[in-house]
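The structure appears right after this line, and notes come after that.
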Amino acid sequence: MPEPRPATPADAAEIARLRSENILGEPLDAAWLATCADQLALRLQDGGDARAYVVDAPDGGLATCALGLVHAVLPAPRYPKGPAVRIHAVATDPAHRRRGHARAALAALLDHLERDGVTLYELYASAGSAPLYEGLGFAADPALMRMTRFPAEGGTS
């Protein structure tokens, strides 16, 4: 099995593609894919807030990605240092599933983040992906409920 490696800005388009095709309810069009790839490439640069590990596909491109976005939070006893990460995407191309790529990429990402001092890890899990995350130490938090809010079109309300 290929080893996960840290992603570089050059991987941004493939990470955006994997996210679009395998996670989002409706895949992004070409313009949105380009926008995501451009922003992610900047965020993957040294000093950026994105961290990712990828597994290269043998025929080119990426087989798997695990992407986290680091952000500051106020510290608390369970996460005393403050840095937190939202695991934004863990995606595997269908042709490369069931080979341990997602687990290996996510484990490498978590190890990297721990070395960087991150003490709070958050993610949203589907029923199908929950066993992967539970196997890497994540647990459901019954006190939390995901809620979203988007500004009204044409401005904020």
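The values are calculated or read from the model by the stated rules, or taken from the named source; none is laboratory data. Given the structure is predicted, the values throughout are model-derived calculations rather than measurements. With ideal geometry, Cβ positions are generated from the backbone for all residues, glycine too; neighbour counts draw on all protein chains shown. Ligands, DNA and RNA are excluded from the accessible area calculation, which covers all protein heavy atoms including side chains. Shrake-Rupley method; radii C 1.70, N 1.55, O 1.52, S 1.80 Å.
In table form, for the structure just shown:
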quantity	calculated
Pairs where the first residue, in segment 42-65, is among the β-branched types (Val, Ile, Thr) and the second is part of a loop (DSSP other than H, G, I, E, B), C-beta under 6 Å, 6+ apart	Val54/Ala7; Val55/Pro2; Val55/Pro4
Only listed residue being part of a loop (DSSP other than H, G, I, E, B) and either surrounded by 13 or more Cβ atoms within 10 Å (Cβ to Cβ) or touching a Lys or Arg at 6+ places or on another chain (Cβ under 9 Å) (or both), chosen from Leu28, Leu74	Leu28
Subset of segment 104-133 [open to solvent by less than 70 Å² (accessible area, probe 1.4 Å) and closer than 12 Å to Val70 by Cβ]	Leu109, His112, Leu113, Gly117, Val118, Thr119, Leu120, Tyr121
Unmet requirement for Gly61, which otherwise passes all of (1) at positive phi; (2) at pLDDT below 95; (3) in contact with a helix residue (DSSP H, G or I) (Cβ under 8 Å, 6 or more places away or on another chain)	(2)
Residue check for Ala108: farther than 13 Å from Arg51 by Cα, touching a Pro at 6+ places or on another chain (Cβ under 9 Å), assigned to a helix (DSSP H, G or I) and modelled with pLDDT of 95 or more	no
Filtered residues of segment 3-25 (kept if in a helix (DSSP H, G or I) and either open to solvent by 80 Å² or more (accessible area, probe 1.4 Å) or more than 19 Å from Gly60 (Cβ to Cβ) (or both))	Ala10, Glu21
Count of residues meeting criterion [in a helix (DSSP H, G or I), in contact with a strand residue (DSSP E or B) (Cβ under 7 Å, 6 or more places away or on another chain) and open to solvent by less than 40 Å² (accessible area, probe 1.4 Å)] in segment 31-57	1
Residue pairs meeting the criteria (Cβ under 6 Å; at least 6 apart or on separate chains; first at positive phi, in segment 97-126; second surrounded by 15 or more Cβ atoms within 10 Å (Cβ to Cβ))	Gly117/Pro83
Selection from segment 18-65 of residues that are closer than 19 Å to Arg97 by Cβ, within 17 Å of the chain's Cα centre (by Cα) and aliphatic (A, V, I, L, M)	Leu18, Ile23, Leu24, Ala52, Val54, Val55, Leu62, Ala63
Leu144 being among the hydrophobic types (A, V, I, L, M, F, W, C) and at pLDDT 90 or above	no
Failed item, numbered, when Ala143 is tested on (1) assigned to a strand (DSSP E or B); (2) surrounded by fewer than 10 Cβ atoms within 10 Å (Cβ to Cβ)	(1)
